[in-house]
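Comments concern the structure below.
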Amino acid sequence: MNPLDTRGGTVIAGILLAVLFIFLLGPKGAFNPWEFWVWFHVVSGIAWVGLLYYFNFVQVPALNQALAEKEPGPAAINKYIAPRALFWFRWAAIATWLSGSMALEVLHTAPGSGVMAAFGFKPGFEVIGMGAWLGTIMLFNVWVLIWPNQKKLLGLVAATDAQKASAKRIAFLASRTNAMLSIPMLLGMTAFAHGLPF
């Protein structure tokens, strides 16, 4: 059986390939928890932000076009694609935030919490702190603004036409806000290890 025939097989093959590269490139002999959590954070963050960009730059324009045409209409996206994409979107957001918090805890070697050092903009944690705050706002938007309103739009909870119109606007603006915030948030994540571009 080809592992690429299934999603699970593809992920497992990717993990095994990464472990193979670890051994081929020469493990250092001790577990590196910071890299473990950063790696997990990056993988889940790519899933989260990738879906965020998909929604904002692919699905929303496609839905607008589908609404203008009789066939196939938006039903195919709303019935089959959106619920599945939103499932992965919201849980990738949680995984990204939690793994980022774990990475901050392992990174912080002084007494106290790495999460608190980042959120408090302690010396050396200002850039990653900015990224952590923006990521937290984005997580809030996913679970408090986007998902509850998307449930109304997808018919997963009962809503009047007026409630659906309001839900559409709130979900749209929260999603666009997240797309905007993702750009400086990613700067905070990368600049922590590599420095600001200027």
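The values are calculated or read from the model by the stated rules, or taken from the named source; none is laboratory data. From a predicted model like this one, the values you see are computed outputs, not experimental measurements. Using ideal geometry, Cβ is built from the backbone for each residue, glycine included, and neighbour counts are taken over all protein chains shown.
Go through the residues of segment 118-131 one by one and say whether even a single one is under 22 Å from Gly50 (Cβ atoms), assigned to a loop (DSSP other than H, G, I, E, B) and not small (Gly, Ala, Ser). Can you show your working first?
First pass over segment 118-131, keeping only residues under 22 Å from Gly50 (Cβ atoms): 128, 130-131.
From the residues that got through so far, the ones that are assigned to a loop (DSSP other than H, G, I, E, B) too are none.
The answer is no; no qualifying residue exists.
Here are some residues: Ala193, Ala159, Ala167, Ala174. Which one is closer than 15 Å to Asn56 by Cβ and free of Cβ contacts under 8 Å to residues at least 40 places away in the same chain?
The match here is Ala174.
Among the candidates Val42, Val11, which residue alone is under 28 Å from Glu105 (Cα atoms) and surrounded by 14 or more Cβ atoms within 10 Å (Cβ to Cβ)?
Details: Val11 fails: surrounded by 14 or more Cβ atoms within 10 Å (Cβ to Cβ).
Checking each option against the conditions leaves just Val42.
Given the structure, is Val106 in the same structural domain as Arg176 (by TED's automatic domain parsing), in contact with a Pro (Cβ under 8 Å, 6 or more places away or on another chain) and surrounded by 15 or more Cβ atoms within 10 Å (Cβ to Cβ)?
Values: in the same structural domain as Arg176 (by TED's automatic domain parsing): yes; in contact with a Pro (Cβ under 8 Å, 6 or more places away or on another chain): yes; surrounded by 15 or more Cβ atoms within 10 Å (Cβ to Cβ): yes.
Yes, satisfied.
Confirm whether Ala117 is farther than 30 Å from Trp39 by Cα, of a type in the set (Gly, Ala, Ser), buried (at least 17 other Cβ atoms within 10 Å of the Cβ) and assigned by TED's automatic domain parsing to the domain that holds Ala47. Steps first, please.
Values: farther than 30 Å from Trp39 by Cα: no; of a type in the set (Gly, Ala, Ser): yes; buried (at least 17 other Cβ atoms within 10 Å of the Cβ): yes; assigned by TED's automatic domain parsing to the domain that holds Ala47: yes.
Against the criterion (farther than 30 Å from Trp39 by Cα, of a type in the set (Gly, Ala, Ser), buried (at least 17 other Cβ atoms within 10 Å of the Cβ) and assigned by TED's automatic domain parsing to the domain that holds Ala47), Ala117 does not qualify.
So Leu154 fits all but one of (1) in contact with a Pro (Cβ under 7 Å, 6 or more places away or on another chain); (2) buried (at least 19 other Cβ atoms within 10 Å of the Cβ); what number is the exception?
Result: Leu154 fails condition (2) only.
Among the residues in segment 55-67, are any among the aromatic types (Phe, Trp, Tyr) and surrounded by 14 or more Cβ atoms within 10 Å (Cβ to Cβ)? First the steps, then the outcome.
Our first condition is that a residue be among the aromatic types (Phe, Trp, Tyr); within segment 55-67, this holds for 55, 57.
Pick out the ones that are also surrounded by 14 or more Cβ atoms within 10 Å (Cβ to Cβ) and you get 55.
Yes, there is a match, as at least one residue in segment 55-67 is among the aromatic types (Phe, Trp, Tyr) and surrounded by 14 or more Cβ atoms within 10 Å (Cβ to Cβ).
Scan segment 170-184 and give yes if some residue there is farther than 22 Å from Ala47 by Cβ, out of contact with any Lys or Arg (no Cβ under 6 Å at 6 or more places or on another chain), in the same structural domain as Leu67 (by TED's automatic domain parsing) and not hydroxyl-bearing (Ser, Thr, Tyr), otherwise no.
Residues of segment 170-184 farther than 22 Å from Ala47 by Cβ: 170, 173.
Cutting the leftovers down to out of contact with any Lys or Arg (no Cβ under 6 Å at 6 or more places or on another chain) gives us 170, 173.
From the residues that got through so far, the ones that are in the same structural domain as Leu67 (by TED's automatic domain parsing) too are 170, 173.
Those still in the list that are not hydroxyl-bearing (Ser, Thr, Tyr) too: 170, 173.
Scanning segment 170-184 turns up at least one residue that is farther than 22 Å from Ala47 by Cβ, out of contact with any Lys or Arg (no Cβ under 6 Å at 6 or more places or on another chain), in the same structural domain as Leu67 (by TED's automatic domain parsing) and not hydroxyl-bearing (Ser, Thr, Tyr).
Mind checking which residues of segment 152-198 are in a loop (DSSP other than H, G, I, E, B) and among the acidic types (Asp, Glu)? Please lay out each step first, then the result.
First, pick out the residues of segment 152-198 that are in a loop (DSSP other than H, G, I, E, B): 154-160, 195-198.
Residues satisfying the conditions do not exist here.
Looking for whichever is touching a Pro at 6+ places or on another chain (Cβ under 6 Å) and over 27 Å from Asn178 (Cα atoms) here; the options are Ala18, Ala30, Ala13. Which one fits? Give the derivation first.
Values: Ala18 fails: touching a Pro at 6+ places or on another chain (Cβ under 6 Å); Ala30 fails: touching a Pro at 6+ places or on another chain (Cβ under 6 Å).
Every option except Ala13 fails the conditions.
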